[in-house]
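Notes follow once the structure below has been shown.
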There are 2 protein chains.
Amino acid sequence: MSLSMHAMSVPIFTRTLGNLAAILDKAAAHAQAKKIDPAVLLNARLYPDMFALTRQVQLASDHAKGAAARLAGQEPPKFEDVETTVEQLQARIARTIEFLRGIDAKAFDGADTREISLKFRDTVHKHSGLVYLCHIALPNFFFHATTAYDILRHNGVELGKRDFIGSN
Amino acid sequence: MSLSMHAMSVPIFTRTLGNLAAILDKAAAHAQAKKIDPAVLLNARLYPDMFALTRQVQLASDHAKGAAARLAGQEPPKFEDVETTVEQLQARIARTIEFLRGIDAKAFDGADTREISLKFRDTVHKHSGLVYLCHIALPNFFFHATTAYDILRHNGVELGKRDFIGSN
């Protein structure tokens with residue numbers, strides 16, 4: 001594998017999303033063992049005005065599929081944010097990974113200089129694909145994936161950084 | 001700026017470290033306004049067996065300088081982990097950014113296929129530079145930077161994701 005915009009995006013997203021799915025498995029097992037309603041974990045947050053676990057996972061999914069689609073010159077697919085169980089979040093992660101793996105790596109050729117337009121309210125922000133990947137997509141993706149992990153750790157689920165990083 | 005191993009590492013690290021320094025400024029201002037000893041925030045953690053804020057910042061620094069040095073074919077500089085104040089953590093971040101900016105971008109040429117050896121206890125793990133950057137360096141860096149942010153948010157410091165991502 002050599003350096004490319006595809007190599008710097010899709011495998012990073014799929015790997016961390018896969019690790020996040022395994023982390024959710026551990027959360028579900030923890031809830032069962034401790035007789036905790038899994039919804040308590042899914043609705044947990046680190047501060048009242050921060051997003052709960054479910055939303056953190058949805059946003060990690062959104063940033064991954066949004067980034068890969070935009071860099072490949074496609075419209076990001078819209079997933080409804082309707083998950084209320086661990087199984088549904090797992091399905092969303094699986095669907096995200098499937099989408100990511102389905103994009104032809106060749107579609108990322110030239111994506112570093114491709115113009116990416118992002119709309120926030122009434123303003124359109126334009127970036128090169130490289131700036132978008134480095135300073136928006138990757139930081140946002142890892143921000144939400146890590147915060148999902150942090151919420152579960154804070155709630156006593158036995159996880160270690162290896163669960164987040166994966167074994168190398 | 002075009003795609004390169006330098007572009008995919010150094011600017012990502014320096015930007016997020018700069019944002020982390022600004023986040024620590026807000027934490028110090030919050031502590032002063034609320035008459036909280038800043039050491040309370042520096043020693044805060046999300047769970048008893050997780051690292052406290054100070055260590056999260058040190059580790060973000062370590063992963064950034066370690067990754068950039070290794071990819072550039074250099075020995076990572078050793079910084080002593082002795083910080084006990086916000087000012088000292090700021091100085092560490094500044095020193096890390098200075099080191100990152102001081103590496104010649106040309107030293108990263110071919111880093112995607114360069115063999116990177118990592119020693120954990122008695123085992124040496126070998127990876128290509130690309131795998132190391134994608135699956136070890138970036139996830140670890142963002143893991144610790146995000147957890148630093150999460151610790152401060154959890155302790156009531158008024159921050160938003162924009163503080164972490166920066167304005168685009």
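The values are calculated or read from the model by the stated rules, or taken from the named source; none is laboratory data. These figures come from a predicted structure and were not determined experimentally. Here the Cβ is made from the backbone with ideal geometry for all residues, glycine too, and neighbour counts use every protein chain on show.
Inclusion of A:Gln58 among residues that are away from chain B (no Cβ under 14 Å), polar (S, T, N, Q), part of a helix (DSSP H, G or I) and more than 13 Å from A:Leu17 (Cβ to Cβ) is not warranted. Among the residues that make up the stretch A:153-168, is at least one of them exposed (fewer than 12 other Cβ atoms within 10 Å of the Cβ), touching a strand residue (DSSP E or B) at 6+ places or on another chain (Cβ under 9 Å) and farther than 16 Å from A:Leu17 by Cβ? No, the stretch A:153-168 contains no residue that is exposed (fewer than 12 other Cβ atoms within 10 Å of the Cβ), touching a strand residue (DSSP E or B) at 6+ places or on another chain (Cβ under 9 Å) and farther than 16 Å from A:Leu17 by Cβ.
Test of understanding: among A:Leu159, A:Leu89, A:Leu138, A:Leu152, which residue is away from every other protein chain (no Cβ under 14 Å), closer than 30 Å to B:Ala52 by Cβ and not small (Gly, Ala, Ser)?
One residue alone meets the criteria, A:Leu89.
With respect to (1) free of Cβ contacts under 8 Å to residues at least 12 places away in the same chain; (2) at positive phi, the lone exception for A:Leu3 is condition (2).
Just checking, does the stretch B:147-162 include any residue being part of a helix (DSSP H, G or I) and among the β-branched types (Val, Ile, Thr)? Looking through the stretch B:147-162, at least one residue is part of a helix (DSSP H, G or I) and among the β-branched types (Val, Ile, Thr).
Going residue by residue through the stretch A:21-41, is there one that turns out to be part of a loop (DSSP other than H, G, I, E, B) and of a type in the set (A, V, I, L, M, F, W, C)? Yes: the stretch A:21-41 contains one or more residues that are part of a loop (DSSP other than H, G, I, E, B) and of a type in the set (A, V, I, L, M, F, W, C).
Evaluation of A:Ala107 against the conditions (1) closer than 23 Å to A:Asp25 by Cβ; (2) hydrophobic (A, V, I, L, M, F, W, C); (3) surrounded by fewer than 18 Cβ atoms within 10 Å (Cβ to Cβ) shows that the sole unmet condition is (1).
Farther than 30 Å from A:Ala7 by Cα and more than 14 Å from every other protein chain (Cβ to nearest Cβ) - does that describe any residue in the stretch B:96-118? Give the derivation first.
First, the residues of the stretch B:96-118 that are farther than 30 Å from A:Ala7 by Cα: none.
No; the residues of the stretch B:96-118 include none that is farther than 30 Å from A:Ala7 by Cα and more than 14 Å from every other protein chain (Cβ to nearest Cβ).
Suppose the filter is part of a loop (DSSP other than H, G, I, E, B), among the acidic types (Asp, Glu) and more than 10 Å from chain A (Cβ to nearest Cβ); does B:Asp81 pass it? Step through it out loud before you land on a result.
Details: part of a loop (DSSP other than H, G, I, E, B): yes; among the acidic types (Asp, Glu): yes; more than 10 Å from chain A (Cβ to nearest Cβ): yes.
Yes.
Screening the stretch A:81-96 for residues that are surrounded by 13 or more Cβ atoms within 10 Å (Cβ to Cβ) and aliphatic (A, V, I, L, M) and picking the one that is farthest from A:Ala39 (Cα to Cα) gives A:Ala94. Within the stretch A:114-134, residues that are over 14 Å from A:Ala67 (Cβ atoms) sit with their Cβ atoms under 7 Å from residues that are polar (S, T, N, Q) and exposed (fewer than 11 other Cβ atoms within 10 Å of the Cβ), at 6+ positions apart or across chains, in these pairs: A:Val124/A:Ser117; A:Lys126/A:Ser117. State the number of residues belonging to the stretch A:6-20 that are in a helix (DSSP H, G or I) and either more than 9 Å from chain B (Cβ to nearest Cβ) or not aliphatic (A, V, I, L, M) (or both). Residues in the stretch A:6-20 being in a helix (DSSP H, G or I) and either more than 9 Å from chain B (Cβ to nearest Cβ) or not aliphatic (A, V, I, L, M) (or both): 10 in total. Screening the stretch B:52-67 for residues that are touching a residue at least 60 places away in the same chain (Cβ under 8 Å) and under 19 Å from B:Leu159 (Cβ atoms) and picking the one that is surrounded by the fewest Cβ atoms within 10 Å (Cβ to Cβ) gives B:Ala52.
Among the listed residues A:Lys119, A:Lys126, identify the single one that is at pLDDT below 95 and either over 24 Å from B:Leu17 (Cβ atoms) or buried (at least 23 other Cβ atoms within 10 Å of the Cβ) (or both).
On the way: A:Lys126 fails: at pLDDT below 95.
Only one candidate qualifies: A:Lys119.
Considering the conditions (1) more than 13 Å from the chain's Cα centre (by Cα); (2) of a type in the set (Gly, Ala, Ser); (3) not in a loop (DSSP other than H, G, I, E, B), A:Gly73 is excluded by exactly one of them, (3).
For B:Phe143, the conditions (1) facing chain A (nearest Cβ under 7 Å); (2) under 25 Å from B:Met1 (Cα atoms) are fulfilled apart from (2). Are any residues in the stretch B:116-144 part of a strand (DSSP E or B) and aromatic (Phe, Trp, Tyr), and if so, which ones? The answer is B:Phe120, and nothing else.
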